[in-house]
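Worksheet: the structure to be examined is printed underneath.
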Amino acid sequence: MAKKNSLTKDDWIKASFRALSAAGPQAIKAESLARALQVSKGSFYWHFDNVLCLKEAMLQRWVQVATEDIISAVREHASGAKEQIRLLIQIATSDRSEPYGGKLAEAGIRDWARYDENAAATLKAVDSSRLKFLQTLFEEHGASSARATTHAKLLYGALIGLEQLSHRGMADLNVDLSVLLELLLAE
């Protein structure tokens, strides 16, 4: 077995997201994660007081990596609202979530939020933040506030649904979402 301090906090968080993606929120347990990482359970307690602390760290990491970092990257690396929305879709449909369980991590968070108040509150805050960002981009592109709100909901809702369909081989997430985006931008 590896030394208890050879793994980082990030290693445990990524393993937890992979467990969440594969088997749901009930899979986030110190013992099963330690087995998956091939270390002793003591390694877990080197980094976290308990599983609740791990879950809080997971939610904080998700907010940072899957929302705040993406918004920053979009604002920094693209000019103009149209290009920023296109970059946002490119990032959202990329494989950057693979270390965290892949595209099913988002579905795992949504499932977890059905049973856990903290996960539900975090999900609501993330959804609100993402929708507000999309709305702002559509407004910057020239849509009225009402139209921008509708476009943001349509695009974000499509992302959530198409992720499920693409997992089952029934959609091409990047292509289908890009087609919808171009329709919304042309309106």
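The values are calculated or read from the model by the stated rules, or taken from the named source; none is laboratory data. Model, not experiment: these values are computed from the prediction. FYI the Cβ positions are ideal-geometry reconstructions off the backbone, even for glycines, and counts take in every protein chain you see.
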Leu184 meets each of (1) under 30 Å from Ala22 (Cβ atoms); (2) aliphatic (A, V, I, L, M); (3) surrounded by 15 or more Cβ atoms within 10 Å (Cβ to Cβ) with one exception, condition (1)
Notebook entry, point to check: Regarding Tyr156, is this residue part of a loop (DSSP other than H, G, I, E, B), surrounded by fewer than 19 Cβ atoms within 10 Å (Cβ to Cβ) and hydroxyl-bearing (Ser, Thr, Tyr)?
Noted result: no
message = Going by what's in this entry, would Tyr115 be described as farther than 30 Å from Val179 by Cα, in contact (Cβ under 8 Å) with a residue 40 or more places away in the chain and of a type in the set (Phe, Trp, Tyr)?
response = yes
Scanning region 104-119 residue by residue, the ones that are assigned to a loop (DSSP other than H, G, I, E, B) and either of a type in the set (Phe, Trp, Tyr) or buried (at least 21 other Cβ atoms within 10 Å of the Cβ) (or both) total 1
Note: among Glu68, Glu140, just one is more than 30 Å from Ala23 (Cβ to Cβ) and acidic (Asp, Glu), namely Glu140
Quiz item: Is there a residue being under 25 Å from Leu165 (Cβ atoms), assigned to a helix (DSSP H, G or I), touching a His at 6+ places or on another chain (Cβ under 9 Å) and β-branched (Val, Ile, Thr) anywhere in region 81-90?
Solution: yes
Residue hits (region 70-91; in contact with an Asp or Glu (Cβ under 9 Å, 6 or more places away or on another chain) and among the small types (Gly, Ala, Ser)) are Gly80, Ala81
With the structure loaded, tell me whether Asp172 is buried (at least 17 other Cβ atoms within 10 Å of the Cβ), free of Cβ contacts under 8 Å to residues at least 24 places away in the same chain and either among the acidic types (Asp, Glu) or on the phi > 0 side of the Ramachandran plot (or both) or whether it fails that test. no
Expected output for region 54-65 (first residue closer than 14 Å to Ala19 by Cβ, partner modelled with pLDDT of 95 or more and of a type in the set (S, T, N, Q), Cβ below 7 Å, 6+ apart or cross-chain) is Leu54/Ser16; Met58/Ser16
Review point. Would region 41-52 turn up any residue that is part of a helix (DSSP H, G or I), closer than 23 Å to Lys124 by Cβ and touching a residue at least 24 places away in the same chain (Cβ under 8 Å)?
Key: no
Exception for Pro25 within (1) within 30 Å of Ala158 (Cβ to Cβ); (2) without any contact (Cβ under 8 Å) to a residue 60 or more places away in the chain; (3) surrounded by 14 or more Cβ atoms within 10 Å (Cβ to Cβ) falls at (2)
Within region 137-170, the residues that are of a type in the set (Gly, Ala, Ser) and either modelled with pLDDT of 95 or more or touching a Pro at 6+ places or on another chain (Cβ under 6 Å) (or both) are Gly142, Ala143, Ser144, Ser145, Ala146, Ala148, Ala152, Gly157, Ala158, Gly161
